[in-house]
Amino acid sequence: MGKKERFYADIMALNPGVTGSCNLVVVTLPNLSMPKIQFVVDCGLFQEKSEEILNNSFPFNPENLDFCLITHNHVDHIGRLPLLVKKGFRGKIYTSEPTSKLISLALWDCHKILKGSSKRKHKCDYLLYQSADLEQALTQVTSCNYGEEIQINDYVNVTFLKNGHLVGAALIYVKISYPGYQDINILFTGDYKGSNLFLDVDPIPENLKKIPLTVVQESTYGYMQTEEMKPCFEENVVEHIQNGGTVIVPVFSLGRSQEILYKLKLMQNAGKLSNSIPIFFDGKLAQQYTSLYVRGDLGIKEEMKDFLPENVTFVDRASRSSVLANTESKIILTTSGMGSYGPAQTYIANYISQPGILIQFTGYTAEGTLGARLKNTPFGEQVMIGGSEKIKLAQVEYTTEYSAHAKADEILEFLKQFSCLKLVLVNHGEENVKCQFAKRIIEEINPKDVEILGNQYFYRINPYGLIKAMPTKFK
Ligand SMILES: [Zn+2]
Ligand SMILES: [Zn+2]
């Protein structure tokens, strides 16, 4: 083997699709007597019904991992951390400073949901992991400041860079070095968006734009252009409220809740929504996150700390029945965003068979969730909600206008910044989207190589880009 081939990293993704994000990286150092360095980037829960089976195990031994990097606080990127710990992982879990403050809330909420659904499905307490594993995982979380190069060991340095996808989200730049060799540089985008209403997102550092680089690039909306998004939220809500109706808005706890609250404030300020229309906000986790936003703990822009609309009431389990009994025109913001869990399911079950109701989804609804089931149920037909049959008589609408993912055009602009792009590994997208988008990257950016990341192949890279693809042989 030539010198170039003695220092390399093998990369694969455990996730064939969008959820269950986890990239395994195995680094071989030129001195073969030294152990390999192994780490994962993200460790998420599979949420698509067809992939749930993948939650139970890892195709590698977690005891052998040296460390873990977390891009952001979404369950499909962090939800299996306690399982990783249960299976023997004792290394550090590096994440951005805001994420280190948020992660405990998200993991405990996820634990509660898993517990509830295992009771329903198995009529017992079969769980992926126990609370003790979760508590142990939290002790391993290590906070990193944005923009600071962190030395993880003698060979690996990482830098967390701000990312507009979510409060606390990061692009993670990993530099792997060995004396006498060029560095292997990998940038993991996690889920990516270039801007965020609540945050100042810094541009990519100049030095990163000039070095030979491999980018592990998410591609969730790689099939869509920004201009194709058709905003309809405001119009739908205004129309329904003017007709004296009630509007249910399922929202994600972190990011989307706060953005929609701010949107309602803007609508009030512009006179499109009367301050006399009550706004109810139900969801414990969403309320906890909102309090952190208000306190400005998470690096929120000063001018965005005052984002709550007038006439908003925080609802809890005890006061929920009075909201359900309330017959006046109102707006109810509720979690979860896909409708399947939490109070959203209760509100949807209560209102789905009433005409004059608008249920306005504000984000992605994964296959198997209540949001997706409602989409596939024609008006007037039956739909199962929480074990009982309901007839769909409410108007159900969807919008992608609040999507926290870059669309194809924005991703291509992002990639164009890197003048020495060796390899793009297309990640985090449905299979056909990843293929389609890989073609566009070749046509419009033309890096040295483009490959589709998944659980079938390891891609071996060195400082100069791709060496070869090897079947993972995990299954
Ligand atoms: Zn995400
Ligand atoms: Zn994701």
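The numbers here are math on the coordinates, done by the rules we state, and not lab data. The model shown is predicted, which means the values in this text are computed figures rather than measured ones. All Cβ positions, glycine included, derive from the backbone under ideal geometry; neighbour counts span all protein chains shown.
Can you list the residues, at least 5 places off or on another chain, whose amide H is less than 5 Å from the amide H of M224, using H built in the peptide plane?
Long-range HN contacts for M224: A408.
In bins 20 Å wide, starting from 0, what share of all Cα pairs of the chain does each bin hold, as a percent?
Distribution as computed: 24, 55, 20, 1 percent.
What does the helix-only formula give at 222 nm for the chain: each DSSP H stretch with n ≥ 4 adding -39500 (n - 2.57), the total divided by the residues, and the result rounded to the nearest 500 deg cm²/dmol?
-8000 deg cm²/dmol
Could you calculate the FRET efficiency of S104 with K209 from 1/(1 + (r/R0)^6), where r is the beta carbon distance between them and R0 is 25 Å, rounded to 0.05?
So, using R0 = 25 Å, E works out to roughly 0.10.
Whole percent per 5 Å bin, from 0 to the bin with the longest distance: what is P(r) over all C-alpha pairs of region 154-292?
2, 8, 13, 15, 15, 13, 11, 8, 6, 5, 3, 2, 1, 0, 0
Place +1 on the Cβ of every Lys and Arg and -1 on the Cβ of every Asp and Glu in the chain, take the dipole about the Cα centre, and give the residue among Y181, P82, M338 whose Cα lies farthest towards its positive end.
Result: P82, furthest along the dipole toward the positive end.
Dipole of the chain, Cα-centred, from +1 at each Lys and Arg C-beta and -1 at each Asp and Glu C-beta, to the nearest 20 debye?
About 1200 debye.
Going by average Cβ neighbours within 10 Å, how do the peptides 103-109, 255-261, 76-82 rank, with the highest at the top?
76-82, 255-261, 103-109
For the ranges 421-434, 206-219, what's the packing order if you count other beta-carbon atoms within 10 Å of each residue, average per peptide, and put the highest first?
421-434, 206-219
Separation of region 60-137 and region 437-475 by C-alpha centroid, Å?
That distance is 29 Å.
Working out 0.36 nm times the residue gap between K92 and N446, then minus their Cα-Cα distance, what length gain in nm do you get to one decimal?
Full extension from K92 to N446 adds 123.8 nm.
Evaluate E = 1/(1 + (r/R0)^6) for E328 and S117, where r is the Cβ-Cβ distance and R0 equals 22 Å; express this FRET efficiency to the nearest 0.05.
After rounding to 0.05, the efficiency reads 0.05.
Taking +1 at the Cβ of each Lys and Arg and -1 at the Cβ of each Asp and Glu, which of G296, Q382, V323 sits farthest along the dipole of region 230-398 towards its positive end, judged by Cα position relative to the Cα centre?
Of the candidates, Q382 comes out farthest on the positive side.
In degrees, nearest 10, range 0 to 90: what is the angle between the Cα axis of helix 284-295 and the longest Cα principal axis of the chain?
With both axes taken from Cα atoms, the answer is about 80 degrees.
State, to one decimal in nm, how far the label point of F474 lies from the label point of E227, with both points 7 Å from Cα in the Cβ direction.
Taking the simple label geometry, F474 and E227 are separated by 4.0 nm.
Mind running the shape call on region 68-142? Use the C-alpha gyration tensor, a ≥ b ≥ c as the square roots of the eigenvalues: rounded below 1.5 for a/c, prolate if a/b tops b/c, oblate otherwise.
In terms of gyration-tensor shape, prolate.
Going down the table (K210/K439; K230/K416; K112/K434; K49/K92; K162/K210; K175/K210), which pairs top 21 Å between alpha carbons?
Beyond 21 Å between Cα atoms: K210/K439; K230/K416; K112/K434; K49/K92.
Got a sec to turn the phi values of region 151-163 into Karplus ³J(HN,Hα) couplings, 6.51 cos²θ - 1.76 cosθ + 1.60 with θ = phi - 60°, whole Hz, x for Gly and Pro?
Taking θ as phi minus 60°, the curve returns 8, 8, 8, 4, 10, 10, 10, 10, 10, 8, 10, 4, 9 Hz for region 151-163.
At a Förster radius of 25 Å, what calculated FRET efficiency corresponds to the Cβ-Cβ distance of A318 and S291, to the nearest 0.05?
The value I calculate is 0.85.
Find which of F280, V433, N446 sits farthest along the positive direction of the dipole of the chain, computed with +1 on the beta-carbon of Lys and Arg, -1 on that of Asp and Glu, about the Cα centre.
My answer, from the dipole projection, is V433.
Rounded, prolate or oblate for region 230-398? Axes are the square roots of the Cα gyration tensor eigenvalues, ordered a ≥ b ≥ c, and the cut-off for rounded is a/c under 1.5.
prolate
Please list the non-local residues whose amide H lies under 5 Å from the amide H of I357, H modeled 1.01 Å from N, same-chain partners needing a gap of 5 or more.
Those qualifying (amide H under 5 Å, at least 5 residues apart or on another chain) are Q395.
Fully extended, how many nm does the chain gain between S33 and E148 (0.36 nm per residue separation, minus their Cα-Cα distance)?
Here the segment from S33 to E148 would lengthen by 38.3 nm.
If you average 1/r over all unlike Cα pairs in region 1-123 and invert the result, what Kirkwood radius do you get in angstrom?
Over region 1-123, the inverse of the mean reciprocal pair distance is 15.6 Å.
Percent relative contact order of the chain, based on C-alpha pairs within less than 8 angstrom and at least six residues apart?
17 percent
Can you grab the distance from the C-alpha centre of region 182-206 to the C-alpha centre of region 318-378, Å, no decimals?
35 Å
Taking a ≥ b ≥ c as the square roots of the Cα gyration tensor eigenvalues, with a/c under 1.5 meaning rounded and otherwise prolate when a/b beats b/c, else oblate, which class fits region 377-459?
Taking the square roots of the gyration eigenvalues as a ≥ b ≥ c, region 377-459 is prolate.
With θ set to phi - 60°, apply the Karplus curve 6.51 cos²θ - 1.76 cosθ + 1.60 along region 236-248 and write out the HN-Hα couplings as whole Hz, x wherever there is a Gly or Pro.
The phi angles translate into 4, 5, 4, 4, 5, 5, 4, 7, x, x, 10, 10, 9 Hz.
Under a Cβ-only charge scheme (Lys and Arg +1, Asp and Glu -1), can you give me the dipole magnitude of region 348-475 about the Cα centre, in debye to the nearest 20?
Once rounded to the nearest 20, the dipole reads 560 debye.
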